[in-house]
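Undergrad: I have a structure here, written as C-alpha coordinates, and I will follow up with some questions on it.
The values are calculated or read from the model by the stated rules, or taken from the named source; none is laboratory data. Owing to the predicted nature of the structure, the values given are computational and were not obtained by experimental measurement. Heads up, the Cβs are rebuilt from the backbone with ideal geometry, glycines too, and the neighbour counts pull from every protein chain shown.
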Amino acid sequence: MTRNSLPEISRETHDSTSQTRVGTAVIAIVDDDALARDGLAEWVESMGFAVETFVSAEQFIETGGIARTHCVITDLHMPGMSGIDLQRRLRAEGHRTPVIVMTAYPNEQHRAQALEDGATGFLIKPLRERLLVDCLEQATGVKGLA
(Lines give C-alpha, C1' and ligand atoms only; values in the text may rest on other atoms or scores of the structure.)
Protein backbone atom coordinates (compact mmCIF):
# COMPACT_ATOMS: atom_id res chain seq x y z
CA MET A 1 0.00 0.00 0.00
CA THR A 2 1.41 3.42 -0.91
CA ARG A 3 1.81 6.32 1.47
CA ASN A 4 -0.94 8.23 -0.31
CA SER A 5 -3.54 5.46 -0.20
CA LEU A 6 -4.56 6.06 3.42
CA PRO A 7 -4.73 9.20 5.53
CA GLU A 8 -2.15 9.66 8.22
CA ILE A 9 -4.32 9.37 11.33
CA SER A 10 -3.71 11.26 14.58
CA ARG A 11 -0.19 12.48 14.11
CA GLU A 12 0.04 13.99 17.59
CA THR A 13 2.52 16.42 19.01
CA HIS A 14 4.79 15.37 21.87
CA ASP A 15 4.84 18.84 23.42
CA SER A 16 2.68 18.40 26.51
CA THR A 17 2.43 22.16 27.06
CA SER A 18 0.84 22.89 23.70
CA GLN A 19 -1.24 19.70 23.82
CA THR A 20 -2.79 20.92 27.06
CA ARG A 21 -3.48 24.33 25.55
CA VAL A 22 -5.13 22.96 22.40
CA GLY A 23 -6.73 19.85 23.85
CA THR A 24 -8.06 17.32 21.39
CA ALA A 25 -8.75 19.61 18.43
CA VAL A 26 -8.05 17.77 15.16
CA ILE A 27 -7.11 19.73 12.06
CA ALA A 28 -7.58 18.02 8.69
CA ILE A 29 -5.22 19.08 5.93
CA VAL A 30 -6.39 18.31 2.40
CA ASP A 31 -3.80 18.95 -0.32
CA ASP A 32 -2.60 16.93 -3.30
CA ASP A 33 0.93 18.37 -3.00
CA ALA A 34 2.80 16.07 -0.61
CA LEU A 35 5.50 18.60 0.31
CA ALA A 36 2.98 21.35 1.04
CA ARG A 37 0.70 18.94 2.94
CA ASP A 38 3.46 17.46 5.09
CA GLY A 39 5.09 20.82 5.77
CA LEU A 40 1.80 22.35 6.85
CA ALA A 41 1.03 19.30 8.99
CA GLU A 42 4.30 19.73 10.89
CA TRP A 43 3.64 23.45 11.33
CA VAL A 44 0.11 22.91 12.67
CA GLU A 45 1.32 20.09 14.92
CA SER A 46 3.94 22.44 16.37
CA MET A 47 1.02 24.59 17.59
CA GLY A 48 -0.25 21.61 19.58
CA PHE A 49 -3.00 20.30 17.31
CA ALA A 50 -3.53 16.71 16.27
CA VAL A 51 -3.40 16.53 12.47
CA GLU A 52 -4.82 14.19 9.85
CA THR A 53 -3.73 14.55 6.25
CA PHE A 54 -5.56 13.65 3.05
CA VAL A 55 -4.37 13.67 -0.56
CA SER A 56 -7.77 14.67 -1.96
CA ALA A 57 -11.18 15.95 -1.01
CA GLU A 58 -12.60 12.62 -2.11
CA GLN A 59 -10.32 10.74 0.28
CA PHE A 60 -11.32 13.03 3.13
CA ILE A 61 -15.02 12.36 2.44
CA GLU A 62 -14.66 8.60 1.77
CA THR A 63 -12.73 7.96 5.00
CA GLY A 64 -15.20 9.87 7.16
CA GLY A 65 -12.57 12.42 8.15
CA ILE A 66 -15.21 15.03 8.93
CA ALA A 67 -16.41 13.06 11.96
CA ARG A 68 -13.07 13.64 13.75
CA THR A 69 -12.29 17.12 12.47
CA HIS A 70 -12.54 20.48 14.24
CA CYS A 71 -11.23 22.46 11.24
CA VAL A 72 -10.39 21.68 7.60
CA ILE A 73 -7.51 23.38 5.81
CA THR A 74 -7.85 22.62 2.11
CA ASP A 75 -6.03 23.55 -1.04
CA LEU A 76 -8.22 25.25 -3.62
CA HIS A 77 -6.88 23.61 -6.77
CA MET A 78 -6.74 19.80 -6.70
CA PRO A 79 -7.54 17.08 -9.22
CA GLY A 80 -11.17 16.05 -8.86
CA MET A 81 -13.04 18.01 -6.22
CA SER A 82 -11.70 21.50 -5.48
CA GLY A 83 -11.41 22.99 -2.03
CA ILE A 84 -14.46 25.18 -2.64
CA ASP A 85 -16.40 22.14 -3.87
CA LEU A 86 -15.39 20.31 -0.68
CA GLN A 87 -16.56 23.22 1.44
CA ARG A 88 -19.91 23.30 -0.39
CA ARG A 89 -20.35 19.55 -0.04
CA LEU A 90 -19.74 19.70 3.70
CA ARG A 91 -22.25 22.53 4.08
CA ALA A 92 -24.82 20.71 1.91
CA GLU A 93 -24.49 17.67 4.19
CA GLY A 94 -25.14 19.88 7.24
CA HIS A 95 -21.58 20.08 8.59
CA ARG A 96 -20.56 23.39 10.12
CA THR A 97 -16.90 22.54 10.59
CA PRO A 98 -14.76 25.62 9.84
CA VAL A 99 -12.93 25.51 6.51
CA ILE A 100 -9.79 27.44 5.60
CA VAL A 101 -9.06 27.56 1.86
CA MET A 102 -5.50 28.08 0.63
CA THR A 103 -4.02 28.51 -2.82
CA ALA A 104 -0.83 29.42 -4.64
CA TYR A 105 -2.91 30.86 -7.50
CA PRO A 106 -5.25 33.41 -5.94
CA ASN A 107 -7.83 35.49 -7.70
CA GLU A 108 -10.55 37.72 -6.36
CA GLN A 109 -13.37 35.54 -7.71
CA HIS A 110 -12.16 32.46 -5.82
CA ARG A 111 -11.54 34.45 -2.64
CA ALA A 112 -15.00 36.02 -2.74
CA GLN A 113 -16.59 32.66 -3.53
CA ALA A 114 -14.87 30.86 -0.65
CA LEU A 115 -15.70 33.58 1.88
CA GLU A 116 -19.28 33.92 0.64
CA ASP A 117 -19.68 30.16 1.08
CA GLY A 118 -18.55 30.51 4.71
CA ALA A 119 -14.79 29.90 4.70
CA THR A 120 -13.07 31.03 7.89
CA GLY A 121 -10.16 32.25 5.80
CA PHE A 122 -8.69 32.39 2.31
CA LEU A 123 -4.90 32.14 2.51
CA ILE A 124 -2.27 32.56 -0.18
CA LYS A 125 0.69 30.17 -0.39
CA PRO A 126 3.31 30.47 0.83
CA LEU A 127 1.30 30.89 4.02
CA ARG A 128 2.08 33.73 6.39
CA GLU A 129 2.27 32.56 10.00
CA ARG A 130 0.18 35.36 11.52
CA LEU A 131 -2.67 34.83 9.05
CA LEU A 132 -2.70 31.06 9.59
CA VAL A 133 -2.65 31.50 13.36
CA ASP A 134 -5.49 34.05 13.18
CA CYS A 135 -7.60 31.65 11.10
CA LEU A 136 -6.90 28.68 13.39
CA GLU A 137 -7.68 30.74 16.49
CA GLN A 138 -10.98 31.84 14.94
CA ALA A 139 -11.84 28.33 13.72
CA THR A 140 -11.03 26.49 16.96
CA GLY A 141 -11.63 29.14 19.61
CA VAL A 142 -8.11 28.56 20.94
CA LYS A 143 -6.27 31.82 21.64
CA GLY A 144 -2.57 32.52 21.99
CA LEU A 145 -1.27 30.05 19.39
CA ALA A 146 1.60 32.24 18.23
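Undergrad: Restricting to segment 80-97, and then to whatever is more than 22 Å from ALA34 (Cβ to Cβ) and among the aliphatic types (A, V, I, L, M), can you tell me which residue is surrounded by the most Cβ atoms within 10 Å (Cβ to Cβ)?
TA: Filtering first and then ranking leaves LEU90.
Undergrad: Follow-up question, since we're still on this one. With the checklist (1) at pLDDT 95 or above; (2) farther than 23 Å from GLU108 by Cβ; (3) among the hydrophobic types (A, V, I, L, M, F, W, C); (4) in contact with a helix residue (DSSP H, G or I) (Cβ under 8 Å, 6 or more places away or on another chain) in hand, flag the one item VAL22 doesn't pass.
TA: (1)
Undergrad: Can you find a residue that is assigned to a helix (DSSP H, G or I) and surrounded by 17 or more Cβ atoms within 10 Å (Cβ to Cβ) anywhere in segment 62-79?
TA: In the first step, residues of segment 62-79 are kept if they are assigned to a helix (DSSP H, G or I); the result is 62, 65-68.
Still in the list and also surrounded by 17 or more Cβ atoms within 10 Å (Cβ to Cβ): 65.
Yes, segment 62-79 contains a residue that is assigned to a helix (DSSP H, G or I) and surrounded by 17 or more Cβ atoms within 10 Å (Cβ to Cβ).
Undergrad: Right, next: Restricted to segment 105-127, and to residues that are assigned to a loop (DSSP other than H, G, I, E, B) and within 15 Å of the chain's Cα centre (by Cα), which residue is surrounded by the fewest Cβ atoms within 10 Å (Cβ to Cβ)?
TA: PRO126
Undergrad: Output the number of residues of segment 32-53 satisfying the condition of being surrounded by fewer than 20 Cβ atoms within 10 Å (Cβ to Cβ), under 13 Å from the mean Cα position of the chain (by Cα) and touching a residue at least 40 places away in the same chain (Cβ under 8 Å).
TA: Count: 3.
Undergrad: Within segment 54-79, restricting attention to residues that are among the charged types (D, E, K, R) and closer than 19 Å to ALA114 by Cα, which residue is nearest to the chain's Cα centre (by Cα)?
TA: Residues of segment 54-79 among the charged types (D, E, K, R): 58, 62, 68, 75.
From the residues that got through so far, the ones that are closer than 19 Å to ALA114 by Cα too are 58, 75.
On the way: GLU58: 14, ASP75: 8 Å.
Among those residues, the one meeting the criterion is ASP75.
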